[in-house]
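Participant: First the structure, which I've put down as structure tokens, then a few questions once you've had a look.
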Amino acid sequence: MIRSGNPALKESTFLDSATGVVVTRDGGAMTLNGTVNKTGLLLLLAVITAAYAWSQTLDASGNLSATAPYYLWGGVIGGLVLALVTVFKKEWAPVTAPLYALVEGLFLGSISAIYNARFEGIVFQAVMLTFAIMFALLMAYRSGLIKATENFKLGVVAATGGIFLVYLATFVLGFFGIKIPMIHDSGLIGIGFSLFVVVIAALNLVLDFDFIETGVEKGAPKYMEWYGAFGLMVTLVWLYLEILRLLSKLQSRN
């Protein structure tokens, strides 16, 4: 059974909607190298727009500019729309995935500038930790040190769902002026919660690696390389944001 905690990579991703079987192509099938290359391209596109948004979010004095909210919310809304389009129209991924990376870069650049304005140097630390975790887990997965067993998948998916419900409750209660105490502040419980979320986000990478490898083994169509790269980037963005939150909580205690 194909299972991933990533909403972009679910059990039915590689299945034909009419027949319910894995879609395959005799020519131009999905490859691992192709997916890796496209993941690198998406990350590059995101870095380019993130750098631009960063420069526009902070003024010459290092303070937030008046245009900061436009890049922040424009990236959030645009990224969400393009992500939904990509999820429901996987065959459009060669176009929508690069567009998603460009728009998501605007959000990442602006939110990173905001964090860095308050905690200087935190963004560099978060970026390094994100990629260090990704490569460490990739090596562990490829070496067989970590195996995506069915119980492992069930545990990660369940934990991911629980985190989603907590964030959803926080969002809804926020409209009524109600805040969930402890887990979102810089106390020990808040730091512990963020550390737990970082671990779960990181373990989702293992599920993504396994999911992409399954698509390659099944001979999924070529456009699924773009979709697999898109799904992996969704997890990387989540992991990076959670590391930012964790580091900000740690630095708030200093």
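Participant: Any idea what the relative contact order of region 148-254 is, in percent, if you count C-alpha pairs under 8 Å spaced at least 6 apart?
Facilitator: 34 percent
Participant: At a Förster distance of 25 Å, what's the computed FRET efficiency of residue 196 paired with residue 176, Cβ-Cβ distance as r, to 0.05?
Facilitator: Efficiency for this residue pair is about 0.45.
Participant: Could you pull out the pairs from 38/218; 90/179; 90/153; 222/249 whose alpha carbons sit more than 31 Å apart here?
Facilitator: Violating the 31 Å limit, Cα to Cα: 90/179; 222/249.
Participant: At 1.4 Å probe size, put 147, 249, 222, 38 in order of accessible surface, largest to smallest.
Facilitator: Accessible-area ranking of 147, 249, 222, 38, largest first: 147, 222, 38, 249.
Participant: Ignoring ligands, DNA and RNA, what percent of the accessible area of the chain is carbon or sulfur (1.4 Å)?
Facilitator: C and S atoms contribute 69 percent here.
Participant: For Rg and Dmax of the Cα atoms in Å, which listed value, [x] 18.3, 56; [y] 17.0, 51; [z] 18.7, 59, comes from the coordinates shown?
Facilitator: [z]
Participant: Just to be sure I understand the model, the point goes 7 Å from the Cα along the line to the Cβ. What's the resulting residue 92 to residue 70 distance in nm?
Facilitator: 2.6 nm
Participant: While we're on this one: Would you mind checking region 105-125 for residues with the amide N under 12 Å from a putative spin-label position 7 Å along Cα→C-beta of residue 186?
Facilitator: Taking a point 7 Å out along Cα→Cβ of residue 186, the residues of region 105-125 whose backbone N falls under 12 Å are 118-120.
Participant: Note the per residue figure in Å³ for the convex hull of the C-alpha positions in region 91-159.
Facilitator: 153 Å³
Participant: Before anything else, pin down the relative contact order of region 32-252: Cα pairs under 8 Å, at least 6 apart, normalised by residue count, whole percent.
Facilitator: Computed over region 32-252, the figure is 30 percent.
Participant: Also, quick follow-up: Report the gain in length on full extension from residue 41 to residue 158: 0.36 nm times residue separation, minus Cα-Cα distance, nm rounded to one decimal.
Facilitator: The residue 41-residue 158 span can extend by a further 39.0 nm.
Participant: Here's another thing I want to ask about it. Taking the solvent-accessible surface of protein heavy atoms with a 1.4 Å probe, what is the per residue accessible area of the chain in Å²?
Facilitator: Result: 51 Å² per residue.
Participant: Okay, next question. Heads up, I need the accessible area for residue 73: 1.4 angstrom probe, whole protein in place, Å², nearest 10.
Facilitator: The accessible area of residue 73 comes to roughly 150 Å².
Participant: Which translational diffusion coefficient, to the nearest whole µm²/s, is obtained for region 203-254 from the Stokes-Einstein equation, given a Kirkwood hydrodynamic radius over C-alpha pairs, 20 °C and 1.002 mPa s?
Facilitator: 170 µm²/s
Participant: If I model a spin label at residue 252 and residue 127 as a point 7 Å from the Cα along the Cα→Cβ vector, what separation in nanometres do I get?
Facilitator: It works out to 2.4 nm between the two label points.
The values are calculated or read from the model by the stated rules, or taken from the named source; none is laboratory data. Predicted model, so just to flag it, every value in this text is computed and none were measured. Every residue, glycine as well, gets a Cβ built from its backbone with ideal geometry; the counts of neighbours run over all protein chains shown. Note: accessible area is taken over every heavy atom of the protein model, side chains too, but ligands, DNA and RNA are not part of it. Shrake-Rupley method; radii C 1.70, N 1.55, O 1.52, S 1.80 Å.
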